[in-house]
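> To start, I am sharing the structure in question, which I have written as structure tokens.
Quick note: the coordinates plus some simple rules give every number you see, no bench work behind them. These numbers were taken from a predicted model, which means no experiment stands behind them. Here Cβ is always computed from backbone atoms with ideal geometry, including for glycine, and neighbour counts include all displayed protein chains.
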Amino acid sequence: MSLSVILITRNEAPHVGACLASLAFADEWVVVDAGSTDGTRDIAAARGAKVIVAADWPGFGAQKNRALDAATGDWVFSIDADERVTPELAAQLRAAIVDADGPRAYTVSRLSSFCGTFMRHGDWYPDPVLRLFRRGEARFTDDLVHEHVHAPGPVGHLSGHLLHDSMPTLESCLDKMNRYSSGRALDRHRAGHSGGLGKALGHGLWAFLRSYVLKRGFLDGRMGFVVALSIAEGTYYRYLKLWLLGRPPAAPTAPSPAA
């Protein structure tokens, strides 16, 4: 059984080398790049990856399906450039693809860091994500953000960690929150959903309580509070943007004459 690794990139030079190195045992690496200008493509090619340039941006789901369509292995493992496979997970991946009686798809446990600290509680952990599947039996959804793999049939789970350098700085957190809340709001708007100020406040408050209290984010100390608050903010802005997308455009008004 052969394994293809697929990932999409844009200006990921600080991450892509370590990402691919953690999957050096794979048979093929497919990188679909959205117009990087920082040497990402050269680093990936030096690691043996097949690099495809697709500068137009259709959204995360559609871009990952492009990478999937270019893969040729019996199995596919999807990874993001800011993620790395631990040796334990690598051994589990190798065992899973040769298990003829096992499931046709697997989730893995993702362990994410915030400003250099790994979060082991709250909404961020455990974070099972479906990443390993038989080629031809699963595809990504077409969501602009928060895409996921749809795989029919039983799904197994690999306990080894996928390390995720999610938000190395507070600035990257704020930037990601803004981009992802906009993309998710647009996805939901296209699906016919509506937002509102009350929904934004209510869902934001619930997101904080769920992450910090119910899922024990407080056990991660001060950073656990910061992460829970950032999740709440992202949720609040998503529903607020969704509400504004559904409002009719206001007619322009002439300024009042000066007194």
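> Taking Cα centroids, how far is region 130-162 from region 2-70 in Å?
Here the answer is 18 Å between Cα centres.
> Along the positive direction of the dipole of region 42-198 (beta-carbon charges: Lys, Arg +1; Asp, Glu -1; about the Cα centre), which of LEU130, ALA70, VAL145 reaches farthest?
Result: ALA70, furthest along the dipole toward the positive end.
> Based on the Cα gyration tensor of region 94-221, what are the three equivalent ellipsoid semi-axes, each the root of five times an eigenvalue, rounded to whole Å and given largest first?
Numbers: eigenvalues 166, 90, 40 Å².
Each semi-axis is √(5λ); the values are 29, 21, 14 Å.
> In a shell of Cβ-Cβ distance under 11 Å around ARG210, excluding ARG210 itself, what net charge do Lys and Arg (+1) and Asp and Glu (-1) give?
Values: positive: LYS215, ARG216; negative: ASP123.
Combined, the nearby Lys, Arg, Asp and Glu give +1.
> Starting with the fewest neighbours, write out GLU137, GLU171, GLU83, GLU28 ranked by other beta-carbon atoms found within 10 Å of each beta-carbon. Please report the intermediate quantities before stating the final value.
On the way: GLU137 13, GLU171 9, GLU83 24, GLU28 17.
Least to most surrounded, the residues fall as GLU171, GLU137, GLU28, GLU83.
> Another question, if that's okay. Nearest 5 percent is fine: what portion of the DSSP beta bridges confined to the chain is antiparallel? It would help to have the intermediate numbers written out before the result.
Working: 16 of 38 bridges.
Around 40 percent antiparallel, to the nearest 5.
> For the chain, what are the per-bin percents of Cα-Cα distances with bins 5 Å wide, up to the bin holding the maximum?
1, 6, 11, 15, 17, 16, 13, 9, 5, 2, 1, 1, 1, 0, 0, 0, 0
> If you don't mind, there's one more thing I want to ask. So how many Lys-Lys pairs in the chain land under 26 Å Cα to Cα, not counting same-chain pairs under 8 apart?
8
> Further question on the same structure: Taking the Cα centre of the chain as origin, work out the dipole magnitude from +1 charges on Lys and Arg Cβ and -1 charges on Asp and Glu Cβ, in debye rounded to 20.
Numbers: 28 positive and 27 negative charges, 166 e Å.
That gives the chain a dipole magnitude of about 800 debye.
> Restricting to Cα atoms and excluding each atom paired with itself, what does the Kirkwood estimate give for region 1-130 in Å? Let's see the in-between values first.
Numbers: mean 1/r = 0.0648 Å⁻¹.
Averaging 1/r across every pair of different Cα atoms and inverting gives 15.4 Å.
> Which net charge results for the neighbourhood of ILE43, defined as the other residues with beta-carbon distances under 11 angstrom from its beta-carbon, given Lys and Arg at +1 and Asp and Glu at -1?
Details: positive: ARG41, ARG47; negative: GLU12, ASP33, ASP38, ASP42.
That sum, taken over residues with Cβ under 11 Å, equals -2.
> Okay, next question. Less than 12 Å Cβ to Cβ from VAL155, Lys/Arg counted +1 and Asp/Glu -1: what total charge do the surrounding residues give? Let's see the in-between values first.
Working: positive: ARG104, ARG131, ARG134; negative: GLU137.
Here the charged neighbours net out to +2.
> Here's another thing I want to ask about it. Give me the angle, in degrees from 0 to 90, between the Cα long axis of helix 221-246 and the longest principal axis of the Cα atoms of the chain, rounded to the nearest 10.
On a 0 to 90 degree scale, this one is about 60.
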